[in-house]
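The values are calculated or read from the model by the stated rules, or taken from the named source; none is laboratory data. Source: prediction; values computed, not measured. FYI the Cβ positions are ideal-geometry reconstructions off the backbone, even for glycines, and counts take in every protein chain you see. For accessibility, only protein heavy atoms count, side chains too; no ligands or nucleic acids. Shrake-Rupley method; radii C 1.70, N 1.55, O 1.52, S 1.80 Å.
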Amino acid sequence: MDSPHGAAVTAENFGLKGPRGWVFRGVSLDAPAGSLIAVEGPSGSGRTCLLLALTGRMKTTEGSAEIARHRLPKKMAAVRRIAALGPVPGVTDLDPALTVAEQLREGALLQRRYEGPLRALLRPRAERASGAQVRIDAALAAVGLRLETLPKGPRTSVRDLERLEALRLSVAIALLGGPRLLAVDDTDLKLSGAEREEAWTLLRHIADSGTTVLAVCSEAPAGAVVLRTGETGTPVPSETTDTPQTTGTAGSEADATDTAATETDTTDTKGEADALAETRRA
C-alpha cells in the first residue's frame, strides 16, 4: 500500500482531565516516523483516550504533543487529516449488517467524500470506481486479507468474521487514505497467542513500510516503543523499546476508590468513559 512517510510522534507532560478526574497525565514520548508504538495497560486506564488524543480526536488539558510537527491540542484538525483510526470500539465499529465488500466500498466512498480532494468528485464515475478498487486491493494486500479465503468470499457478512479477520478489515479501511499515523485500539483483545503474533506481525509490516503505528494493547510486543498506563506514582521509562533514545512514559491512573487520596497522582476510570462519550457525540 503506497503511503506518505510516517509521522514522528512526540509528547511532553501530555494529560487529559475529565469531569471526574484525570484520565491520563504526565505522558512523555519521542518516537520517530515509522515507529510501532504500543500503549500498554489494563482496560479502563486511559489507553483509548490517549490514542484518541494523539490522533486529534480528543482535546487534552495539560502539556502538548506534536504529530508530524502539528502541535496538539492547537492543530487537532491538521492531525486528523494525517491520522486514521483502525478499530476503536464505539467510534469506528464495523457494520455487522454489511458484507465485507460493502464495508470496503463504504470506507472508500467516505474517504473520498470527506478526505479526498474536491476535484476527485468531478471525475467520471467509472474512473472513480476504478481508482477506489485499486486502493481497496492495495489495502487488502497490505493487511494480508484475501477475500477468496472467507466463507462466502467478498459476500461474507461482517458479523461472521473471526476477530483477527475483523481486525485486518478495519485496518485495511483505515489505510485507504494513505495515513501517516495509524491508530488501533484493543489490538490483542480476544486473540489467541498465535493470533496475537499475527496481529503484531501485521502492524510491524505497516510500520516498516513507513506508516507510524499507535496500538493499544494489554501486553506490548518486543521491539515496540512502549507507553504504559495504569501505573501509580512517578512515570517510568519504557523497558522494551529497541531504541534507547526513544522513551515513552504514561501518567498514573488508580482505581476509583483511590481517587480521594490525591488528585495529582491518580485518575478516575469513570473520567475515561465521560471523555469517550463526548468524543462519540462529536
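Observations on the model:
- Qualifying residue in region 89-96 (condition: surrounded by 24 or more Cβ atoms within 10 Å (Cβ to Cβ), under 27 Å from W200 (Cα atoms) and of a type outside the set (D, E)): no
- Where A126 falls short, out of the listed (1) closer than 24 Å to G153 by Cα; (2) surrounded by fewer than 17 Cβ atoms within 10 Å (Cβ to Cβ); (3) at pLDDT 90 or above: (3)
- Of everything listed in (1) part of a helix (DSSP H, G or I); (2) touching a Ser or Thr at 6+ places or on another chain (Cβ under 9 Å); (3) surrounded by 21 or more Cβ atoms within 10 Å (Cβ to Cβ), the single unmet condition for R196 is (3).
This table checks each residue for (1) more than 25 Å from T201 (Cα to Cα); (2) buried (at least 18 other Cβ atoms within 10 Å of the Cβ).
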residue: E40; (1), (2): no, yes
residue: S43; (1), (2): no, no
residue: L52; (1), (2): no, yes
residue: R57; (1), (2): yes, yes
residue: T61; (1), (2): yes, no
residue: A65; (1), (2): yes, yes
residue: M76; (1), (2): yes, yes
residue: R81; (1), (2): yes, no
residue: P87; (1), (2): no, yes
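- Options L118, L104; residue that is hydrophobic (A, V, I, L, M, F, W, C), more than 22 Å from A7 (Cα to Cα) and modelled with pLDDT under 95: L118
- E12 being touching a residue at least 40 places away in the same chain (Cβ under 8 Å), open to solvent by 20 Å² or more (accessible area, probe 1.4 Å), closer than 19 Å to P87 by Cα and among the charged types (D, E, K, R): no
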